[in-house]
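Just so it is clear, none of the values below were taken in a lab; they were calculated from the coordinates. The structure displayed is predicted, hence computed values, not measured ones. Cβ: placed from backbone, ideal geometry, glycine included. Neighbour counts: every protein chain shown.
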Amino acid sequence: METSETHKKSGKTHATKIAMSVAFGLAVSKAAVGFITGSLSILSSAVDSILDIAASFFNFLAIKKAEEPADTGHQYGHGKYEAMATFIQSIIIFVSGLFILISAWDKFINNKHPEVSSASMIVMGISIGATIFLTIYLRYVAKKENSSVIAADAMHYSIDLYTNVGILLALFIIKLTGLTVIDSIVAAIVAVYIIFSAIKLSLQVSKQLLDSSIADEAYGKLLKVLDSFGDYHLDFHRLRTRSAGNEIFIDMHLTLCRKLTLDEVHQITDGIEQAIEKEIPGADVTIHPEPCHHGDNDHGECNSARIRQGLKKLQTH
């Protein structure tokens, strides 16, 4: 029987396989129409689809590597391979946007505009439909499995979508008004959006590569869980968090009553770990228990009898 983690892993690799399959189908169809009609624009689009296949294959390899279990050389696992692949993808997306912006300027200066033909319109229409499906699907998988590399792949394919939609929109406007400059304007708007999206993606994934703290929403859930166990511990300190891929690492020191037995300490820390993992999927929690400084005659905050009574209630849940 497969675990939820196995399903999560297979979901990400399955998504990249679908992306490669769709890109392969588009590349073949575009190349066929391009050679038959002699359209350079269609052939260049086919080459772009081939590059999409290469990008998705690179992401597939990164995900497979990230899914490998921890070993002696990578004791925290290989999750950062996914973050590194996302960062590289953001650079590719940034360069693509910059290229589109330069091309838009070239079109504006030299008064170039796309060729209008029935074949190119049909192929672009099919390409847009397939890319819409693929982009929506990849975004769904990225959100469901908290995968930055799948989100980057979705953004990469959205470049094709925005570009093709922009070209079609420009073609219709040019056909209606005769203003060829519209093509350059639409392309420039799309390029600027892509460039800023790539910068935003790179900044987000850089937090993982630089071991930044987890997102505020997850951190808030963590504090809420710790507060809910306030009757069992005196305080927590040296709380540290970081993420790698879709894994979250949390470690902390927890001050407990020195009169508790080792088994009782384990019950408390184990209960906290399970509660955190329930609220924050993918969390890997490490708790270092420390004895309190209260003496044997101190029955103030550190009251082992009260804590043991609470443990009985904890065991019933």
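Measuring between their Cα centroids, region 231-265 and region 128-153 lie 36 Å from each other. Between Val95 and Ala54, the modelled labels are 0.9 nm apart [label points 7 Å from Cα along Cα→Cβ]. With each label modelled as a point 7 angstrom along the Cα→C-beta vector, the Asp231-Ala215 pair spans 3.3 nm.
With R₀ set to 41 Å, the beta-carbon distance separating Leu179 from Ile18 gives a calculated FRET efficiency near 0.55.
If you take all other residues with their beta carbon under 12 Å from the beta carbon of Ile250, and give Lys and Arg +1 and Asp and Glu -1, the sum is -2.
Taking 0.36 nm per residue of sequence separation and removing the Cα-Cα distance, the Phe172/Lys278 pair yields an extension gain of 32.9 nm.
Distance between the 7 Å Cα→Cβ label points at Arg238 and Phe35: 6.6 nm. For the pair Lys207 and Ile102, what calculated FRET efficiency results from E = 1/(1 + (r/R0)^6), where r is the Cβ-Cβ distance and R0 = 25 Å, to the nearest 0.05? In this case the efficiency is close to 0.25.
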